[in-house]
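Student: Pasting in a structure now, in structure tokens, and then I'll have a few things to ask.
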Amino acid sequence: MAGSSPARQTAHMALDAGTTTFVTGAAGFIGMELVRVLSARGHQVFGLTGSVEGAERVRRAGGVPVQGDLLQSGKWQDEAPADWVFHLAPHPVCGPRLTRRHTESIARARVLMDSQLLEAVEGGATRRIIYLSDTSYYGPTGRRGITEDEPVTASAWGRCLTPALDRVDGYVLAGLPIVTAFTGWVYGTGSWFRDRVIKPVMGGRRVLQVGRPGPWVSPIHVHDCARALVHLAEHGAAGSRYFLVNRDPIRMHEFAETFARLADRPLRVLRVPAAATRLVLGPVLADYLQADAVFSNIRLRGLGFHFRYPTLEQGLQEVLGALDE
Ligand SMILES: NC(=O)c1ccc[n+]([C@@H]2O[C@H](COP(=O)([O-])OP(=O)(O)OC[C@H]3O[C@@H](n4cnc5c(N)ncnc54)[C@H](OP(=O)(O)O)[C@@H]3O)[C@@H](O)[C@H]2O)c1
């Protein structure tokens, strides 16, 4: 995690000491960074994980692991009604090639995961629930950044999220203090960015690029994503939606181009034609990966949030520094 000033950390710790937090997806890419940010502020963080390895990652990040499966009720639900709850609802895994039938079962699983968590929290003293979702819910946008109030035209991939998000509106009406966050492309030293960019570039292998060169997308560094989630717990309005993205969109191929340039490595690209992409990944993911998806962060900035890595270049310099360490 990139550090904040010692004075600011002390101020946050005084503010947050004694605040309990429950995080789902805590052993994942964004979840671990969130646990680090919260722990550094003095929170007692309970992190839900489904595996022994995940429990070790939560511990390393500074949290207390809680073993459990969001798809099933269990003892983990006793820890859920904390002061702040962060729901990093994970996509259930279903193999590399995604068909429309898969998306229906993902949609059902997400609804079940949400109900297991939100019904455990209902009626308690939780002050804020931050529900993390994916900007793909809004569908293709064109090149102009849309705001959270834009009508949703969900793509096939985005429709995995629609039934769950419709129900979130119902939970808000029932009085749960939910703030919904939609994040763009989150990059850092882990997850898709490690596998599809860092490893091939540093290993001298080719980076896969699908379809037409670079649709426009909205990125965010994982540390800023975690900080923004905490900012929403403090300042976000219950019942509101916020996009978590940098101000300036990039073309998708800039992730690898900028990383290779800053790392001073040659960039070798294997371009997969659109038709082949549909065959390998299925139509759902292929269409998603080739659509412009550009979002405005004006509402998040209106809450006083400041990015530590406002541009891709600044964020990738941090990534390279972390790799050196
Ligand atoms: N990364 C991105 O670029 C991105 C972009 C847009 C939106 N998002 C949203 O942010 C969420 C988190 O993303 P991420 O990249 O951090 O995901 P991730 O690295 O895949 O982590 C998800 C975590 O969820 C846990 N999990 C999975 N199924 C579970 C279950 N049934 N019960 C309990 N825990 C379960 C897994 O923990 P165990 O290891 O313990 O099994 C896993 O570590 C995503 O689901 C997505 O909606 C991410």
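The values are calculated or read from the model by the stated rules, or taken from the named source; none is laboratory data. From a predicted model like this one, the values you see are computed outputs, not experimental measurements. Neighbour counts run over all protein chains shown; Cβ positions are idealised from the backbone, glycine included. We work out accessible area using only protein heavy atoms, side chains counted, and drop any ligands, DNA or RNA first. Shrake-Rupley method; radii C 1.70, N 1.55, O 1.52, S 1.80 Å.
Student: Exactly one condition in (1) open to solvent by less than 70 Å² (accessible area, probe 1.4 Å); (2) modelled with pLDDT of 95 or more is not met by residue 282; state its number.
Tutor: That leaves (2) as the condition not met.
Student: Quick one: would you say residue 119 is within 14 Å of the ligand (Cβ to nearest atom) and either part of a loop (DSSP other than H, G, I, E, B) or without any contact (Cβ under 8 Å) to a residue 24 or more places away in the chain (or both)?
Tutor: So residue 119 does not fit the description; no.
Student: Identify, please: which residue in region 135-154 is surrounded by fewer than 19 Cβ atoms within 10 Å (Cβ to Cβ) and in contact with a Gly (Cβ under 8 Å, 6 or more places away or on another chain) and is, among those, farthest from residue 22 (Cα to Cα)?
Tutor: Checked region 135-154; the qualifying residue farthest from residue 22 (Cα to Cα) is 153.
Student: Also, I was wondering about something else. Scanning region 51-65 for residues that are under 18 Å from the mean Cα position of the chain (by Cα) and near the ligand (Cβ under 9 Å from one of its atoms), which turns out nearest to residue 229 (Cα to Cα)?
Tutor: 58
Student: Something else about it: What is the one condition in (1) part of a loop (DSSP other than H, G, I, E, B); (2) within 29 Å of residue 173 (Cβ to Cβ); (3) open to solvent by less than 40 Å² (accessible area, probe 1.4 Å) that residue 98 does not satisfy?
Tutor: Of (1) part of a loop (DSSP other than H, G, I, E, B); (2) within 29 Å of residue 173 (Cβ to Cβ); (3) open to solvent by less than 40 Å² (accessible area, probe 1.4 Å), only one is false for residue 98: (2).
Student: For residue 36, are the conditions met, namely being open to solvent by 60 Å² or more (accessible area, probe 1.4 Å), near the ligand (Cβ under 10 Å from one of its atoms), not in a loop (DSSP other than H, G, I, E, B) and not small (Gly, Ala, Ser)?
Tutor: No, not satisfied.
Student: Which one of these does residue 55 not meet: (1) touching a helix residue (DSSP H, G or I) at 6+ places or on another chain (Cβ under 9 Å); (2) at pLDDT 95 or above; (3) open to solvent by less than 70 Å² (accessible area, probe 1.4 Å); (4) outside any strand (DSSP E or B)?
Tutor: For residue 55, the failing item is (1).
Student: Moving to a separate point now. How many residues are within 17 Å of residue 299 (Cβ to Cβ) and of a type in the set (S, T, N, Q) when one looks only at region 134-171?
Tutor: Residues meeting the conditions: 3.
Student: Hey, another quick one. When you scan region 66-88, do you find a residue that is within 12 Å of the ligand (Cβ to nearest atom) and farther than 26 Å from residue 165 by Cβ, even just one?
Tutor: yes
Student: Another question, then. Could you say which residue among 112, 118, 176 is open to solvent by less than 40 Å² (accessible area, probe 1.4 Å), aliphatic (A, V, I, L, M) and out of contact with any Asp or Glu (no Cβ under 9 Å at 6 or more places or on another chain)?
Tutor: Checking each option against the conditions leaves just 118.
Student: To continue, here is another question. Hand me the list of strands (runs of 3 or more DSSP E) wholly inside region 214-285 holding 2 or more residues that are within 16 Å of residue 135 (Cα to Cα) and of a type in the set (Phe, Trp, Tyr).
Tutor: Counting at least 2 such residues, we get 241-244.
Student: Can you work out which of the residues in region 286-306 that are under 18 Å from residue 255 (Cβ atoms), open to solvent by 10 Å² or more (accessible area, probe 1.4 Å) and in contact with a strand residue (DSSP E or B) (Cβ under 8 Å, 6 or more places away or on another chain) is modelled with the lowest pLDDT?
Tutor: 289
Student: A further question on this structure: Select, from 193, 182, the only residue that is of a type in the set (Phe, Trp, Tyr), open to solvent by less than 10 Å² (accessible area, probe 1.4 Å) and more than 18 Å from residue 294 (Cα to Cα).
Tutor: Every option except 193 fails the conditions.
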